[in-house]
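K.L.:
One structure is given below, represented as structure tokens, and several questions about it will come after.
The values are calculated or read from the model by the stated rules, or taken from the named source; none is laboratory data. What you see is a predicted model, and the numbers here were worked out from it, not measured in a lab. Cβ: placed from backbone, ideal geometry, glycine included. Neighbour counts: every protein chain shown. The area values use the complete protein model at the heavy-atom level, side chains included, leaving out ligands, DNA and RNA. Shrake-Rupley method; radii C 1.70, N 1.55, O 1.52, S 1.80 Å.
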Amino acid sequence: SGRGWRTSLSASWAGGHGSPWGPREFGARQVQTPAPGVGLRIHDYLYFQVLSPGDIRYIFTATPAKDFGGIFHTRYEQIHLVPAEPSEACGELSNGFFIQDQIALVERGGCSFLSKTRVVQEHGGRAVIISDNAVDNDSFYVEMIQDSTQRTADIPALFLLGRDGYMIRRSLEQHGLPWAIISIPVNVTSIPTFELLQPPWTFW
């Protein structure tokens, strides 16, 4: 689909916001990746790499929330990506202790993106990655926007395709692991093309 690798290769590893295309829904806009050649603002995408488990050792693409949350001021060479329990993270987390100073993997649904981000922030998380709850979604990015509560959040919030989130969770379950180890953000412009390990279930 050319979902960012070719169309926004100039986007490096930090900061940025999503694109304004698509219908608005509660706390979100649906965004379809433009065809190659369509101009994108710089920093439309942010990349991270799973280091462990080895069977999902790929570079994943995410999109930062549009109008809430912080940015990455440093690169984390190795940090835990911890699936939240409950997965939608709309309230108290049973594994909140493991999310402190780490990054939470959360599933869309049940409450607004901002609410999820605030829950992770209140549990001491450094960032949140929110995957779509449509596990077959491998091309549509949702632009995460403020809800109607006028609240704020300070940690980075990223949207991940549902297929990617599902594959990460499935791998952890198969290995009996409580978290993945990731590097984030990754500057893909500094990586030779032949070393870009892209998820094999996604067309590029």
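K.L.:
How much FRET efficiency would the formula 1/(1 + (r/R0)^6) give for Leu51 and Thr152, where r is the Cβ-Cβ distance and R0 is 45 Å, rounded to 0.05?
P.N.:
After rounding to 0.05, the efficiency reads 0.90.
K.L.:
How would Ser115, Ser171, Ser87 line up by accessible area, probe 1.4 Å, largest first?
P.N.:
Ser87, Ser115, Ser171
K.L.:
Ignoring ligands, DNA and RNA, what percent of the 1.4 Å accessible area of the stretch 138-202 is carbon and sulfur?
P.N.:
Result for the stretch 138-202: 52 percent of the exposed heavy-atom area is carbon or sulfur.
K.L.:
How much length is gained on full extension from Glu92 to Glu173, taking 0.36 nm per residue of separation minus their Cα-Cα distance?
P.N.:
Taking Glu92 through Glu173 to full extension adds about 27.0 nm, to one decimal.
K.L.:
Ok, one more. Rolling a 1.4 Å sphere over the protein heavy atoms, what is the accessible area per residue of the stretch 60-204, to the nearest Å²?
P.N.:
44
K.L.:
Among Leu114, Ala84, Ala127, pick out the residue whose Cα is farthest towards the positive end of the charge dipole of the stretch 62-181, where Lys and Arg carry +1 and Asp and Glu carry -1 on C-beta, about the Cα centre.
P.N.:
Positive-end residue among those listed: Ala127.
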